[in-house]
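Okay, structure first, notes after.
The values are calculated or read from the model by the stated rules, or taken from the named source; none is laboratory data. Since this is a predicted model, take the numbers as computed values, not measurements. FYI the Cβ positions are ideal-geometry reconstructions off the backbone, even for glycines, and counts take in every protein chain you see. In case anyone asks, the SASA skips ligands and DNA or RNA and just uses the protein heavy atoms, side chains included. Shrake-Rupley method; radii C 1.70, N 1.55, O 1.52, S 1.80 Å.
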Amino acid sequence: MVQSFNTTQSSAWVSYSSPTSTFNGINFLLIAAALLSILVNGAAGEVGIDAVAAATEQAGNRWDLMDCINQNSGRRKLTTWSSAMSTQPAPLTVLGIWWSSKPAEVPLTITMQMSAARLWQLNAMCMQYPGPVSAVLYVGVLKSKLVQDPGLLSSIIDQTGQFFKAMEKHGRCKLDLMLIREVFADREAKIWYPINQLRNYARLQARTPLIGIVDGDLLVSPIIVDELKNRSAPHYAKQLLSPNSKLVYVLPAFQAPSALPKREAMQLAEESVSMSKAQMWHLYNAGLLVPFDPGKPGHNATNYTRWFGTDESYAINYEFRYEPWIVCSRTSVPWHDIIFRGYGLNKIVHLEHLNTSGYRFMVHPKAFLVHRAHRSTTAKKLVLSAKQMQMAAMNSTVNATSSKAGNVPLQSTTRTLYGYTQKLGQWVRSRMAEGSYTPTVDPALENCLRMLSWWQQ
């Protein structure tokens, strides 16, 4: 058993069963009462029986995908603190790719990335979501660890293959899975998780015309699959697939109240994500589900009160620091900027760029997401604990400038993850204001877009 694949939240991840919960006291009574009320007062919405007859996923070759990334990834390099704090792409290597043989019954693939330590989250997603999923699983490992244990990566590859086979046999999802590793010279540098590069690879692997860009700790409502299976495509799908469409659809996100113990919150997420919108309202009204990240501005523009009060999609105005998860065209939206690593601004900047590029935001009228609780990452803890101190330090630094358009200013006395990320954010936003911003992508992605059949227009 590979130690890095184990977490305290799952005693044995190779069993592929999500953590179970034992409810206690008042929390159990509240949840049980709410769920009972839902079952008595309302049933799930009717699912259409007419399925889409035509194929919704382009053909492809997973070995072509693996080769085009590895040939251009700089995979022999080691990541250090200094190299991570730069605009260079992470030197990633694809260790394996597994593609499902199940048919794609809808033209939408959910794309996500996660560390190997959170494989149990992917298990939960695949056990409840009945549609295509493109997932990138990331392993960050120290060079010294590989020297001590030469068989470590082979063991990880084998276990990932076992997981895929289990999902292919028992899971509801149609899983395409990519396993990627990064080798670090410095232990401290492991907080520079290459989140946007991984997001781009998950999108690169998808072969349906529509994608949902979500994160690995979210569960996706099956309602969106039920709608897309109907013979008459939903209005939003037609809009997103129209030529030159500059439109994205927001999926409202929910979570359990922070006071609820994590195991009970996970159980509640698994129960609620398959409910109808009317059923969700009972939990929301009872205070057992709340908008994601309550008290912060990241999801306010979604307007949850309006969402519960309508059966129609509606337009919203972008607000600063708005960061929803979205459904969009696979081929037309801008890519995520790989200069953002670790915790902070990686998704916010992408949504800001959509807004400044003229994209409109609509809210999906029925489908939604539910966050599955977990412990905070080390990177997030470090960033949040350093934020106040670093803000003071940033105020004393010289404003970064660049003599050449396209060159990111790196000469800064700000040498922490938070400070460096904020400097990048300042630089990117200045370019957006000028109308000269283009997200940085890695050479491997550019090469794959030229080579892969499903990316040829």
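Under the combined filter of DSSP loop state and at most 15 neighbouring Cβ atoms within 10 Å, the stretch 280-374 retains these trypsin sites (Lys or Arg not before Pro): Arg321. Working note: Cα atoms of the stretch 171-323, range along each principal axis, descending, whole Å: 53, 45, 38. Near the amide H of Gly140, within less than 5 Å, lie the amide hydrogens of Ala116, Glu182, all on another chain or at least 5 residues away, with H placed in the peptide plane.
Amide H contacts under 5 Å for Ala253: Phe292, Leu369, restricted to partners 5 or more places along the chain or on a different chain, H placed in the peptide plane at 1.01 Å from N. Exceedance of the 23 Å cut-off in Cα-Cα distance is limited, within the set Lys143/Lys190; Lys262/Lys296; Lys165/Lys366; Lys229/Lys277; Lys169/Lys262; Lys102/Lys277, to Lys165/Lys366; Lys169/Lys262; Lys102/Lys277. For the stretch 147-213, the solvent-accessible area of protein heavy atoms averages 34 Å² per residue (probe radius 1.4 Å; ligands and nucleic acids excluded). Database remark: amide H of Ile339 closer than 5 angstrom to the amide H of Thr440 (H placed geometrically; neighbours at sequence offset of 5 or more, or on other chains; Pro and chain starts carry no H). Scoring 118-125, 279-286, 433-440 by mean Cβ neighbours within 10 Å over their residues and listing the highest first yields 118-125, 279-286, 433-440.
All C-alpha pair distances within the stretch 46-193, sorted into 10 Å bins from zero, spread as 10, 36, 32, 16, 5, 1 percent across the bins.
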